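Take a look at the structure set out below.
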Amino acid sequence: MDTRVSVIDSNKADCECLGEIIRGHYGYNLVGCYSQVQPALKYLRHDRPDIVFTDPPNITYSEFSFIGDLKRKLPGARVIVVSGGVKRDRVFRALSNGADGWLCKPLMEDRIHTAITEIVNGGAALNYQVARLLVDSFKKNPESPLSKRETEVLTLLSRGKTYRSIAEDLYITTETAKSHIKHIYAKLRVNSRADALDIALEQRFI
């Protein structure tokens, strides 16, 4: 049975190039090519792709949350993010939202074939820089200014948890959770969740 593939890429030339490679390979079936996320989500249920290649630069709503939306509509689909580069926070946001791989442009024909084979066989399609990033991510920075509890709080915050759910997970009050977050902001010298997460991920505090 052919592997059904859809592409979401705002760059028309890249979309057409990837589409031609997929069309030209025996065993692959290009079932959809879209320039925007919302139209893609509307039609993907009909396309029933096994694999979706997507380029994230022009995603406009809740960055990478569309991956979760897509997988709820198509539980069996696998999503490979294709990007012009590797930025730690974006990679982790994509993977935490359910992405099954991250590749970097320009994509060579053999790399696309390898990525599809890896995914079909139950693996993950990862650029070597992303693989290195994942290995390094397990090595937390020993110079973190955050306490163990603050690290736990910020880790939950990075997963999209609310103050209330953080409190429930850690068996503390909501006010205590807010207090921890206030201390985290002060230590990292930031005023927002996004900035705190950017620094914590970049410096490997979480």
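FYI, it's all coordinate maths here, none of it is from the lab. On a predicted model such as this, the values are computed, not experimentally measured, just so you know. Using ideal geometry, Cβ is built from the backbone for each residue, glycine included, and neighbour counts are taken over all protein chains shown.
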ask   = How big is the charge dipole of the chain about its Cα centre, in debye rounded to the nearest 20, if each Lys and Arg gets +1 on its Cβ and each Asp and Glu gets -1 on its Cβ?
value = 680
Under 15 Å from Lys105, Cα to Cα: aspartates and glutamates that are on another chain or at least 8 residues apart = Asp9, Asp14, Glu16, Asp55
Point-to-point label distance, Asp110-Arg132, nm (Cα→Cβ direction, 7 Å offset) = 2.1
ask   = Which links in Lys73/Lys148; Lys71/Lys140; Lys140/Lys187 stretch past 27 Å when you go from one Cα to the other?
value = Lys73/Lys148; Lys71/Lys140
request  = Would you kindly give the portion of the calculated P(r) for the range 63-186 that falls above 24 Å, as a percent of all Cα pairs?
outcome  = 43
note = Binned at 10 Å from zero, the C-alpha pair distances of the range 1-144 give percents of 12, 45, 34, 7, 2, 0
ask   = Using a basic spin-label model with each label point 7 Å from the Cα along Cα→Cβ, how many nm lie between Ser35 and Arg48?
value = 2.9
request  = Would you calculate a helix-derived [θ] at 222 nm for the chain, using -39,500 (n - 2.57) for each DSSP H run of n ≥ 4 and dividing by the full residue count, to the nearest 500?
outcome  = -15500 deg cm²/dmol
